[in-house]
Amino acid sequence: MPDLHEKLAPIFDEVVARNPGEAEFHQAVHEVLESIGPVVSANPEYTDAEVIRRLCEPERQIIFRVPWTDDSGKVQLNRGFRVEFNSALGPYKGGLRFHPSVYLGIIKFLGFEQIFKNSLTGMPIGGGKGGSDFDPKGKSDAEVMRFCQSFMTELYRHLGEYTDVPAGDIGVGGREIGYLFGHYKRITNRYESGVLTGKGLTWGGSRVRVEATGYGTAFFVADMLAQEGSSFEGRQVVVSGAGNVAIYAIEKVHQMGGKVVACSDSNGYVMDPAGIDLDLLKEIKEAKRGRLTEYAERIGSRVKYVSDGSIWDVPCEIALPCATQNELNAAGAERLIANGCQIVAEGANMPTTPEAIRLLQSAGVKFAPGKAANAGGVATSALEMQQNASRDSWSFEYTEERLAEIMRSIHTRCLETAETFGAPGDYVVGANIAGFTQVADAMLALGII
Ligand code: GLU
């Protein structure tokens, strides 16, 4: 790991000591601290007021028991989390992740990233994240409902449209948000639409929210390409994952003239030289919650299914990691570089390891970090909150244009900030410094809290 600025190294050591065993959280903090050295040198007031130490300590962490009964009548137990990280810019905002890998360190890394991502959107939202080690895979709808109801029975007291507004993440989509919102409404006897985002269109949701993270990532890459006078037209693209982010990244890349030739799930990847058949992918993944093996079986010999390899072996000019944290490591980065990849943009949160980022950047591959490239999801959540607050509902076209505008402005802010701080073209430095400064200035203004 590269050395940190002399004022930041002890802060990082303190974070590691105070949060033992939380490797992903340490990684997320280190990545931000690596970038902000020049800002700290130029602005001693940030360290004088301990803004960075305070930023690394969540404002509140809630951990709770989630008991529920499975279909056979057996009592099951999971652990629930909500880390309310920073509310300098607005109510805590960020998704809920239901996945067996969830523990406090995962929620803290996601919550920490969310602070800077939300700041970059320019919307008035603070950062938070939550979830559970519950695995929705293989559970019946009734089991998922009972779990969500038990989860909300504890969480509701911590939420509110001016306090904390969760949404989805891995394992939490429209079905889960429905059960969570229904239970919140029942317990509180309030139709408080603005308390959760990612709602269905008939009960307070926003158009484009389902598509927003993937579309936003594709828009961001289109802006990167436009910067060099180019576009998606005729470009070969690889998208890892096959969930909500991946599906809508693929859809928008196709609409913009690119061809996505591979995608993956936790069992393996498919390579389809004709371009991923999106209708079939949606049917298998969205409607049936099935596996990609079915994609290969249904299409036949044209498609190659690989269960024991890496999707980054598939040659492409643009790679969009849209699955999960640390899925693109040094070996993957070396394969991408060897195959002539020019752009990597993160649709998922922290999918690229620090070593892989360094390899890509030193090989001249343009790299867009998730807090910039995948901010479209949470930005559209903020648009959903706006619609809820004004009891309004916008058209698809208008909402999509707002999303595209927000992504354009994040792209410009990243590049301008990177240029100002002597790192032209470095989206990591640009995103971290631009995201950090806005939150840090607000924290200074709000006093020692
Ligand atoms: N989970 C998404 C993210 O990582 C969206 C959060 C939200 O909409 O609040 O940004």
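Just so you know, all these numbers are worked out from the coordinates, no wet-lab data involved. Everything quoted here is computed from the prediction, not taken from an experiment. Counting neighbours? That spans all protein chains shown, and the Cβs are built from the backbone with ideal geometry, glycine included.
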Self-check item: Ranked His411, His99, criterion: other C-beta atoms within 10 Å, fewest first
Solution: His99, His411
Practice problem: Kindly put Ile125, Ile448 in sequence by how many other C-beta atoms sit within 10 Å of each C-beta, fewest to most. | Solution: Ile448, Ile125
Quiz item: Using the Karplus equation 6.51 cos²θ - 1.76 cosθ + 1.60 (θ = phi - 60°), what ³J(HN,Hα) coupling, rounded to whole Hz, does each residue of segment 326-336 give in order, writing x for Gly and Pro?
Solution: 6, 8, 10, 9, 4, 4, x, 4, 4, 5, 4
Self-check item: FRET efficiency, Glu334 to Asn43 (Cβ-Cβ, R0 35 Å, nearest 0.05)
Solution: 0.40
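Would you work out the charge dipole size for segment 282-353 about its Cα centre, treating the Cβ of every Lys and Arg as +1 and the Cβ of every Asp and Glu as -1, and quote it to the nearest 20 debye?
On the way: 9 positive and 10 negative charges, 70 e Å.
Rounded to the nearest 20 debye, it is 340 debye.
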Practice problem: Let me know the shape class of segment 362-449, please: from the alpha-carbon gyration tensor, a ≥ b ≥ c as square roots of the eigenvalues, rounded when a/c is under 1.5, otherwise prolate if a/b is greater than b/c, or oblate. | Solution: oblate
Quiz prompt | Projected label distance in nm at Asp135 and Ala226, using a 7 Å step from Cα toward the beta-carbon | solution = 4.3
Quiz item: What's the extension gain from Ile448 to Glu355 if we count 0.36 nm per residue and subtract their Cα-Cα distance?
Solution: 29.9 nm
Practice problem: Give me the distance between the Cα centres of segment 43-107 and segment 376-449, rounded to whole Å. | Solution: 22
Quiz prompt | Choice from Phe112, Phe98, Phe396 with maximal GNM fluctuation in the chain (Cα, 10 Å cutoff) | solution = Phe396
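For the residues Ser101, Ser132, what sequence is obtained by ranking on other C-beta atoms within 10 Å, fewest first?
Placing the least packed residue first, the sequence is Ser101, Ser132.
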Self-check item: Positive-pole candidate from Ala287, Gly229, Val253, dipole of segment 215-290, charges at beta carbon
Solution: Ala287
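What number results when the radius of gyration of the chain, computed over Cα atoms, is divided by 2.2 N^0.38 Å?
0.93
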Exercise. Give a residue-ordered list of calculated ³J(HN,Hα) values for segment 426-437 (Karplus: 6.51 cos²θ - 1.76 cosθ + 1.60, θ = phi - 60°; whole Hz; x for Gly, Pro).
Key: 8, 5, 5, 4, x, 5, 5, 5, 5, x, 5, 4
Quiz item: For Asn189 and Lys304 in the same chain, what is the full-extension length gain: residue separation times 0.36 nm, less their Cα-Cα distance, in nm?
Solution: 36.2 nm
Practice problem: Hey, can you grab everything whose amide H is under 5 Å from the amide H of Ile62? Only 5+ residues off in sequence or another chain; H modelled, so Pro and N-termini drop out. | Solution: Arg82, Val83, Glu84
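Can you give the extra length, in nm with one decimal, that the chain gains between Arg391 and Met1 once fully stretched, where that is 0.36 nm per residue apart less the Cα-Cα distance?
Values: separation 390, 0.36 × 390 = 140.40 nm, distance 4.88 nm.
Residue separation times 0.36 nm, minus the Cα-Cα distance, leaves 135.5 nm.
Is there a pair in Lys199/Lys285; Lys185/Lys282; Lys129/Lys371; Lys259/Lys371 whose C-alpha atoms are over 22 Å apart, and which pairs would that be? Numbers along the way, then the final one.
Values: Lys199/Lys285 19 Å; Lys185/Lys282 30 Å; Lys129/Lys371 14 Å; Lys259/Lys371 25 Å.
Violating the 22 Å Cα-Cα cut-off are Lys185/Lys282; Lys259/Lys371.
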Self-check item: Simple spin-label estimate for Ala17 and Ser266 in nanometres, 7 Å along Cα-Cβ
Solution: 3.7
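What FRET efficiency, computed as 1/(1 + (r/R0)^6) with R0 = 25 Å and r the Cβ-Cβ distance, is obtained for Asp71 and Lys288, rounded to the nearest 0.05? Mind showing how you got there, number by number?
On the way: r = 19 Å, r/R0 = 0.77.
E between Asp71 and Lys288, to the nearest 0.05, is 0.85.
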